[in-house]
């Protein structure tokens, strides 16, 4: 009975922590943001604003290593401003990850944002189709869940802000029944080009708003 | 190769500082061009607004934060119909996918990175020669993608 009670208590705590953390803005340097990434749980659909690619890479490389090696997660990175070979190089240099091994077994997936959001026949939802496919792979590979970061820069390249908003707002703030924790990433230079209302709509819609200095 | 007397002016925009400097040096030393380089496309656009007829060629990266290459090209084209606008990218671009965007923006050419500096100088020189010819034969004609 105690065990059942503990489980119920844990579930209640988990549910209430989702509610308590909802929309909580967090800002800080790369170390603080790294801690925030480490604290994210499956189910969270967050938004991350980064100031420059060097800062992003520092955090990204460290956390992808943790996701793949310590958490046994499947990891997806959707890149916009850096080519896939360059992202591999950064993961190798800073995270000392065995990229070839993880890519070969299918637990690390690097994807181009233009293909993912703009030029695919499935349109903006092509990434969601990929995520659904990868969630199936999580089960097959015996992974604990999935971690993903996706740069939204391609919407700015094609000047499709309306589509961006409609896509983002169509996604849930919490991934119900999905072992997925995800971050929609925005370069500060892109994010600042939207109107205050548009920015706020995105911030409000995501589970957690994290701004990196 | 053009002589320094001609001193064709080129605007280079690339958010990666090392690349912008590398291209500037190559075009100046090997091509004899007069190059202004920018790492912030916003600053590049502001500069262009104040120097609408200064440049013969604008060579810009495609994917940049603040203002992407397509938007920069659109804004520049509004200000100057004649300037030759070239976009470049290290990403493997399916030009079919971007053809309509390039046409709408009246992009004169696309350069796939990596490109050797020697080849880049040759390409830019060709565009200068070609656009000079175009303007003498028909001021309204524009190279098609």
All positions within segment B:107-127 that are in a helix (DSSP H, G or I) and more than 15 Å from residue B:30 (Cα to Cα): B:127
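In the list B:98, B:87, which residue meets the criterion of being in a helix (DSSP H, G or I), within 14 Å of another protein chain (Cβ to nearest Cβ), surrounded by 12 or more Cβ atoms within 10 Å (Cβ to Cβ) and in contact with a strand residue (DSSP E or B) (Cβ under 9 Å, 6 or more places away or on another chain)? Working first, answer last.
Numbers: B:87 fails: in a helix (DSSP H, G or I).
Step by step, each of B:98, B:87 is checked, and only B:98 is in a helix (DSSP H, G or I), within 14 Å of another protein chain (Cβ to nearest Cβ), surrounded by 12 or more Cβ atoms within 10 Å (Cβ to Cβ) and in contact with a strand residue (DSSP E or B) (Cβ under 9 Å, 6 or more places away or on another chain).
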statement: Checked segment A:92-107 for anything crowded, with 18+ Cβ neighbours inside 10 Å, at pLDDT 95 or above and either within 23 Å of residue A:186 (Cβ to Cβ) or out of contact with any helix residue (DSSP H, G or I) (no Cβ under 8 Å at 6 or more places or on another chain) (or both); matches are none
message: Going residue by residue through segment A:132-141, is there one that turns out to be surrounded by fewer than 16 Cβ atoms within 10 Å (Cβ to Cβ), more than 13 Å from chain B (Cβ to nearest Cβ), more than 24 Å from residue B:93 (Cβ to Cβ) and in contact with a helix residue (DSSP H, G or I) (Cβ under 8 Å, 6 or more places away or on another chain)?
response: yes
- request: Give the residues of segment A:143-164 that are away from every other protein chain (no Cβ under 14 Å) and either touching a residue at least 40 places away in the same chain (Cβ under 8 Å) or in contact with a strand residue (DSSP E or B) (Cβ under 7 Å, 6 or more places away or on another chain) (or both), sorted by residue number.
  value: A:143, A:144, A:145, A:146, A:147, A:148, A:149, A:150
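Looking only at segment A:174-188, which residues are buried (at least 22 other Cβ atoms within 10 Å of the Cβ), within 12 Å of chain B (Cβ to nearest Cβ) and more than 12 Å from residue A:206 (Cα to Cα)? Reasoning before the result, please.
Pass one, segment A:174-188, residues buried (at least 22 other Cβ atoms within 10 Å of the Cβ): A:180-187.
From the residues that got through so far, the ones that are within 12 Å of chain B (Cβ to nearest Cβ) too are A:185-187.
A:186, A:187 - these are the residues of segment A:174-188 that are buried (at least 22 other Cβ atoms within 10 Å of the Cβ), within 12 Å of chain B (Cβ to nearest Cβ) and more than 12 Å from residue A:206 (Cα to Cα).
Could you grab me the full set of residues in segment A:88-122 that are under 23 Å from residue A:143 (Cα atoms) and either within 12 Å of another protein chain (Cβ to nearest Cβ) or not in a helix (DSSP H, G or I) (or both)? Outline the logic, then answer.
First pass over segment A:88-122, keeping only residues under 23 Å from residue A:143 (Cα atoms): A:88, A:91-92, A:95-111.
Matches in segment A:88-122: A:96, A:97, A:98, A:106, A:107, A:108, A:109, A:110, A:111.
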statement: Considering residues that are under 18 Å from residue B:14 (Cβ atoms) and part of a helix (DSSP H, G or I), the number found within segment B:75-84 is 2
message: Quick check on residue A:169: is it touching a helix residue (DSSP H, G or I) at 6+ places or on another chain (Cβ under 6 Å) and either within 16 Å of residue A:43 (Cβ to Cβ) or within 14 Å of another protein chain (Cβ to nearest Cβ) (or both)?
response: no
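Considering only residues that are assigned to a helix (DSSP H, G or I) and surrounded by 22 or more Cβ atoms within 10 Å (Cβ to Cβ), which ones fall in segment B:20-42? Let's see the steps before the verdict.
Of segment B:20-42, the ones assigned to a helix (DSSP H, G or I) are B:20-29, B:41-42.
Of everything in segment B:20-42, those that are assigned to a helix (DSSP H, G or I) and surrounded by 22 or more Cβ atoms within 10 Å (Cβ to Cβ) turn out to be B:23, B:27, B:41.
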Residue ID - farthest from the other protein chains (Cβ to nearest Cβ), chosen from residues in segment B:55-84 that are touching a residue at least 40 places away in the same chain (Cβ under 8 Å) and under 21 Å from residue B:129 (Cβ atoms): B:56
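The values are calculated or read from the model by the stated rules, or taken from the named source; none is laboratory data. Keep in mind the model is a prediction, meaning the values are calculated, not measured. Please note: Cβ atoms are built from the backbone with ideal geometry, for glycine as well, and neighbour counts cover all protein chains shown.
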